[in-house]
Amino acid sequence: MCHASVSAPMTFGRVNPRKSGVYSERRMELSPRSQRLFRVALLGTMATPLVLVLVSLIRNPASCRTPRSHFWLGAYALFGLAFWLTAKRGKNLPRLWLAASLAFQSALVLVMVNSICNGYEGALLVVVAGQLAPLFSLPLSLGWVAGQSLLMGFVIHSHFSLEIALALSASWFGFQIFTVLMSQAATREATARAELSKLNAELRATQQLLVDSSQVAERMRIARELHDLVGHHLTGLSLNLEVASHLTEGKAQGHIQTAQSVTKLLLQDVREVVNTLRGDDSFDLERAIRTLTKDIPKPQIHLDVPEDLGIYDPVRAETILRCVQEIITNAVRHSGAQILWSESVKMEEGGEVRARDDGRGVKQLRAGNGLTGMRERVEQVGGHLEIESTPGTGFHLRVRIPTAVGSA
């Protein structure tokens, strides 16, 4: 018996985070380039036992007609099919089906070991191990690897001595442990990168709102200063000039009347400037929302946001931004959606955000911390939140934010 050198493959299926004691807290979908690299690594590992068996059959043509060879080749074909379906269709499969597919692949490997047992079938167990990390937690992944290695040892022992069974199963067990740990490291790194990208987008969007809020506050301060100081002094000057015009005659009175006219023009200009500064109090919610969704790789987000949503209060503007943020988070972590549509509409009584996705949906909606926090935030500003979901239709949300409390 000899041992083949194997690479450390990793899975590349769909990812949607969910906290559980069995499943991993997050299943991260890797980038397309990383997926291609992992496919090559996995396929290369899968090819090892097939090539060796084909070489053996070519060198001994008589063995091609034995039932054991047929069982082995049939099991290998089913293993390849199960692996391909998991890789290609995994993004549309629930976790339970993916776990069943991996169990089926492990069982097929044991069938191959029992049929020919050339010692290289363990490479296929490494392929199974590479698909565990993004689906299961680390302890369960290690337990799965230990279980399938133990079963492999029992099957080998039914054909060979205990020493050979221990040597082969222990060797492949080590390769599987290495693969699981590397897969876990890669998955966590991808998760961390996605979280960092999401947090950066949220930070930039919040920063944009803070800039707008600071600019509005500064304009209001300048408007108040102009009105209270300059406007007050000009009004006093106009009154004094009016009195002086009644106390003077001749040429001096003409100059006083001219000064009165200039003072009234200045007072009118100050009022116009104050009205302009106070009128320009909108927030650039469009840019903030687009900044928030800019670096989200999945789902694909279709935005429809007007330039002016009619929300001029910083608290309400932030509420809308946080609602959009939670909608995206829900689609990424729980819905498993591929596409998210979000539309913001300016209405007479305020602004409205409508969102829907093409995710799995749920039969009975149970609001978690995110949706509960969104509802509380909306109700604090006198708004209203509607959430609908049915299996196969994804999530539908509608958020209404009034321009003032009492207009909802």
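The values are calculated or read from the model by the stated rules, or taken from the named source; none is laboratory data. Because the structure is a prediction, the values reported are computed rather than measured. Methodologically, a virtual Cβ is constructed for each residue, glycine included, from the backbone with ideal geometry; neighbour enumeration extends over all protein chains shown. What goes into the accessible areas is simple: the full protein's heavy atoms, side chains included, and nothing from ligands, DNA or RNA. Shrake-Rupley method; radii C 1.70, N 1.55, O 1.52, S 1.80 Å.
Over all distinct Cα pairs, what is the inverse of the mean 1/r for region 67-183, reported as the Kirkwood hydrodynamic radius in Å?
One over the average 1/r among Cα pairs gives 14.3 Å for region 67-183.
Among the GluC sites (Glu not before Pro) in region 260-365, which ones are in a DSSP loop with at most 11 other Cβ atoms within 10 Å of the Cβ? Mind listing them? If you can, show how the numbers build up before the last one.
Working: sites: Glu272, Glu286, Glu307, Glu318, Glu326, Glu343, Glu348, Glu349, Glu352; in loops: Glu307, Glu348, Glu349.
Passing sites in region 260-365 are Glu307, Glu348.
Quick one: Cα centre-to-centre distance for region 70-84 and region 349-382, in angstrom?
The two parts, judged by their Cα centres, are 46 Å apart.
Compute the label zone of Ser171 within region 87-125: residues whose backbone N is under 20 Å from the point 7 Å along Cα-to-Cβ.
Only 109-125 fall inside the zone, counting backbone N under 20 Å.
Looking at the square roots a ≥ b ≥ c of the eigenvalues of the Cα gyration tensor of region 312-408, which shape do they give, rounded for a/c under 1.5, prolate if a/b is larger than b/c, or oblate?
Prolate, because a/c is 1.5 or more and a/b exceeds b/c.
Taking θ = phi - 60°, what integer Hz values does the Karplus form 6.51 cos²θ - 1.76 cosθ + 1.60 yield along region 296-302, in sequence order, with x for Gly and Pro?
Running phi through 6.51 cos²θ - 1.76 cosθ + 1.60 with θ = phi - 60° gives 8, x, 7, x, 6, 10, 9 Hz.
Taking θ as phi - 60°, what are the ³J(HN,Hα) couplings along region 95-102 by the Karplus curve (6.51, -1.76, 1.60), each to the nearest whole Hz, with x for Gly and Pro?
4, 4, 5, 5, 5, 5, 5, 5
If R0 is 51 Å, what FRET efficiency do you get for Ile222 and Phe104 from their C-beta distance, rounded to 0.05?
0.10
With every protein chain kept in place and ligands, DNA and RNA left out, what is the accessible area per residue of region 248-402? Probe 1.4 Å, answer in Å².
Per residue, region 248-402 has an accessible area of 54 Å².
For Lys346, Lys298, write out the residues from largest to smallest accessible area, computed with a 1.4 angstrom probe and no ligands counted.
Correct descending sequence by accessible area is Lys346, Lys298.
Rounded to the nearest 0.05, what FRET efficiency do Ala77 and Phe160 give with R0 = 30 Å and r taken as the Cβ-Cβ distance? Could you check?
Computed FRET efficiency for Ala77 and Phe160 comes out at 0.70.
Ordered by packing density, taken as the mean number of other Cβ atoms within 10 Å over each peptide's residues, highest first, how do 46-52, 122-128, 327-333, 105-111 rank?
Answer by packing, highest mean first, reads 122-128, 327-333, 105-111, 46-52.
Roughly how many Å is it from the Cα centre of region 289-343 to that of region 91-145, as a whole number?
Taking the Cα centre of each part, region 289-343 and region 91-145 sit 38 Å apart.
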